[in-house]
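Step one of this worksheet: look at the structure below.
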Amino acid sequence: MSWFGKTKAGVDAEDKISVGAGVFRKCDGCDETLLAEEFEKNLEVCPRCKHHYRLGPDAWIRLLFDPGSFEEFDSQLVPGDPLAFTDGKRYPERVAASQKSSGSREGFRAARARIEGRPVAAGIFLFRFMGGSMGSVVGEKIARVFEVAATEGRPAIMLSASGGARMQEGIFSLMQMAKTVAALGRLRDKRLPFISLLTHPTTGGVAASYALLGDVNLAEPQALIGFAGPRVIEQTIRQTLPAGFQRSEFLLDHGMVDRIVERSEMRGTIARLLAHLVG
């Protein structure tokens, strides 16, 4: 992985080994040492400083959608190797390794679901699959979420956690930016809402395409959201960036995000938005 180093704060909660009662964890946000079960009971949010650890798709499905309503489609799609790309390891080998470690065929799950009885078309990124990068399959599945929503008269909800375009697919990856935005345009033609949920991180080609085009953009606290990373920008423009640059609070202040929502309030917030936007 070249998008993000794997640190304590960057490991999915679902990747962590269950440690049982009586075991302690040190929070990366406030350095407080608390019982591991306190984080688990609090949806992997520090009860002291509200630092949000990343959740995997299964945890988000349990949190957001009505029980038993998440009906996945197109899960059989897998990437090809159109460029015969290698970066010390062949692309198919990297895909196979990610499939084995994540238990998923790709880095995105598309589904029909319900929130408080309201039908929606939903998509969730799997960050631990090659950094949630958007290749041809991920882009196709995102487009299909929008197309299912438009065809069936459903609002679309997308939860993004991505390092951006998948470099191993080159131009085929970059083409997904235009494809997802075009599919979103067809949803807009049907006058159906799109709620975009931005989690840490939402960057690169994902942020530069559909992710910041929601009718409502919701973000988790302190999520990194933007195109190029802060260090790249500083090196390019040779200026020191403002404190908190590209974090969700900065984007809220500058009109790119509509609301920052803590994890425990996310389902209720989305449900209220659907009631207002759909009726």
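Details
- For region 174-255, chymotrypsin sites (Phe, Trp or Tyr not before Pro) meeting the loop criterion (DSSP other than H, G, I, E, B) and having at most 15 other Cβ atoms within 10 Å: Phe227, Phe245.
- Both numbers refer to the Cα atoms of the chain; Rg and Dmax are 18.4, 54 Å.
- Counting only Cβ charges, +1 for Lys and Arg and -1 for Asp and Glu, the dipole size of region 54-277 around its Cα centre is about 140 debye.
- Loop-located trypsin sites (Lys or Arg not before Pro) in region 66-124 (DSSP state not H, G, I, E or B) with no more than 14 neighbouring Cβ atoms inside 10 Å: Lys89.
- Extension gain, Thr269 to Arg238: 0.36 nm times the residue separation minus the Cα-Cα distance gives 7.2 nm.
- Cα point-scatterer Debye curve for region 199-279, base-10 log of I(q)/I(0) at q = 0.13 Å⁻¹: -0.45
- Distance between region 36-107 and region 172-237 - C-alpha centres, whole angstrom: 18 Å
- Footprinting exposure proxy for Ser104, Ser160 (fewest neighbouring C-beta atoms within 10 Å first): Ser104, Ser160
- Computed [θ] at 222 nm, deg cm²/dmol, the chain (DSSP H ≥ 4; -39,500 (n - 2.57); rounded to nearest 500): -9500 deg cm²/dmol
- A DSSP coil position with no more than 15 other Cβ atoms inside 10 Å describes the following GluC sites (Glu not before Pro) in region 192-279: Glu262.
- The alpha carbons of region 108-179 occupy a box of 40, 23, 12 Å along the principal axes, longest dimension given first.
Since every read-out is calculated from the coordinates, none of them should be taken as a lab result. Computed from a prediction, not measured in an experiment: that's the story for all the values here. Quick reminder, even Gly has a Cβ in these numbers, built from the backbone with ideal geometry, and neighbours come from all protein chains shown.
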